[in-house]
1. Could you tell me what percent of the DSSP beta bridges with both partners in the chain are antiparallel, to the nearest 5?
2. Charges at C-beta only: +1 for Lys and Arg, -1 for Asp and Glu. How large is the resulting dipole of the chain about its Cα centre, in Debye rounded to 20?
3. Full-extension gain between residue 474 and residue 250, please, as 0.36 nm times their residue separation minus the C-alpha to C-alpha distance.
4. Mean Kyte-Doolittle of at least -1.0 plus a Cα span of 20 Å or more along the axis: flag which DSSP H helices in the chain meet both, please.
5. Can you give me the Cα centroid spacing of the stretch 327-348 and the stretch 458-477 in angstrom?
6. What is the extension gain from residue 304 to residue 265, computed as 0.36 nm multiplied by their sequence separation minus the C-alpha to C-alpha distance, in nm to one decimal?
7. Distance from the Cα centre of the stretch 251-272 to that of the stretch 96-163, in angstrom?
8. What relative contact order, as a whole-number percentage, does the chain give when Cα pairs under 8 Å and 6 or more residues apart are counted?
Amino acid sequence: MNEIFGIDLGTTYSCISYVDEYGRPVVVPNAENERITPSVVFFDGDNVIVGDVAKENSKMYPEDVVSFVKRSMGDENFYFEHGGKNYHAEEISSFILRKLISDAENNLGQKINDVVITCPAYFGINEREATKLAGEIAGLNVKAIINEPTAAAVAYGVDYDKDKVVLVYDLGGGTFDVTMIDVKKDSIKVICTGGDHNLGGKDWDDALIAYMAEQYKEITGNDKDILEDPETCQELQLLAERVKKTLSQREKAPISINYEGERAKIEITRQKFNELTYDLLQRTVNLMDDMLKEAAKKNYTSFDEILLVGGSSRMPQVEEIIKNKYNIEPKVFDPDEAVSKGAALYGWKLSVNDELVRRISEETGKDIEDIKKSIDEKSIDENVVEAAAKRVADDTGYTLSAVKASNVKVVNVVSKSFGVVTYNNEEKEVVYNLIIKNSEVPYEFTERFGTREENQENVMIKIVEDELSDKIVDIAYGNEIGEAELVLPENLPKNSPVDITFKLNEEGRLEIKAIEAVEKREISTSIETSSVIKGKDLEEAKERNKNIEVS
Ligand code: AMP
């Protein structure tokens, strides 16, 4: 039985994998026998169709089709209205998950409960929580949310036994991520991450669409904007993606545009396409340079390899610019499947390693946490591990080497900074960052602040996330994500100490504790994810989901 499945819930395509008895990741094809499924949702009456069929229907029924929903994850203002109901991004994503799961269940003849889902490294708490929620609405037990580049590196690290610093350049359908990772035999550590969640293959398509519309005008002399017609627009979207893919294989591609009985035929060369999209490509390189500067601050001043993942890294322009700029031959690494396979491997390693640790604990009578620590510190008796690994291998059917290799430590960094709103010397509101972006998680930091006034009744702690790496940041850069109130004892003098602790766990959940020094009154809270559906809405979404058939 395959226990945990890895899901790449992509902007344009999604993919599901598991790990076989040899510890190798295997992609499960969907009902259409494709290894990746378009993340496109088509509302067909009361039911929902996901994938290729949905994508095809986007032409005929643009109003019933949702694409690129990942870009709206965690956005409380986004909803898709259909049949008098409003669907949030989490719910729409849950349909994509259900399609992957039910096809995989049918294919493998087993029930799937536990999953690891991936998200871009720069997703903040809300977006991560939204991703987890999508899984829960789909009835899944989400064991972990991990970063896509980390997952790619986990997949890459499988056959690896030489230490290397690797850059993962991940250009997907709607997102761009660039991440530096220190890959060692027994650990995979994210050093730095950067990117833009509004940059991806879709923008290359859009550049091509704009060009096609302009060419249409020029050739036919018809001055109408053909993009104003939703049906034509959808058609051009599909066409643009096809043309783009052709240009990854060939030097030129024919284009035929039909609108209101008039046809424009053109031919586009790869060179022209590269010109049209040069600024987009350059943006990815600039973001990479920004990330490299951050990494240099952590004493990582060079790297050994660049891995290209994400479907859009198949465009030859990506390889070219990297070769020219960094003088290194990038490796195109399983662009469509690496992330999903890495997620499956991660989940699998989690469960096998838990089992291994449990066995060692049984044998030695030692506490589970102590064993984990001594494994990390490499102070554990090898013979004890070997004996326990043999038993796990015998019981599970996994090979001994696979069980022993399960102990890979994944270290992540936080993609945003987190702080509180405080006042500077000029009594102006500023953000004071307690956790700086790219710090290793889990992370905990305490800072002492002082009350502003004598006999202050309470402290309102405004919790903020931002994208900057400085300790003190202009309030304009902060995005408030939560609030907590600490009621103070009476008669405190001005500047009485209040210690605020921020603790961030591996999955990006932020816990906040504030304590005043006199009576030691304290409050603690974990971040209220304001943008995600919750309460009644969530129950309704779960209930509604049960009654909707997804295929
Ligand atoms: P992902 O989100 O990683 O699945 O990447 C999907 C994106 O990759 C979409 O924008 C696709 O159009 C794009 N893509 C897939 N295959 C190719 C290809 N051969 N050439 C160019 N772009 C591609």
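The values are calculated or read from the model by the stated rules, or taken from the named source; none is laboratory data. These figures come from a predicted structure and were not determined experimentally. When we count neighbours, we look across all protein chains shown, and the Cβ atoms used for this are built from the backbone with ideal geometry, even at glycine. Protein only, heavy atoms only, side chains kept; ligands, DNA and RNA dropped before computing areas. Shrake-Rupley method; radii C 1.70, N 1.55, O 1.52, S 1.80 Å.
1. Roughly 80 percent of the beta bridges in the chain run antiparallel, per DSSP.
2. In total the dipole reaches around 1420 debye.
3. 75.7 nm
4. Values: long enough: 89-108 (28 Å, -0.03); 201-220 (28 Å, -0.67); 230-249 (29 Å, -0.67); 278-297 (29 Å, -0.42); 338-364 (37 Å, -0.24); 382-396 (21 Å, -0.45).
TM-like helix candidates: 89-108, 201-220, 230-249, 278-297, 338-364, 382-396.
5. After rounding, the separation between the Cα centres reads 35 Å.
6. Numbers: separation 39, 0.36 × 39 = 14.04 nm, distance 4.55 nm.
Result: 9.5 nm gained on full extension.
7. Here the two parts' Cα centres lie 39 Å apart.
8. Dividing the mean separation by the residue count of the chain yields 16 percent.
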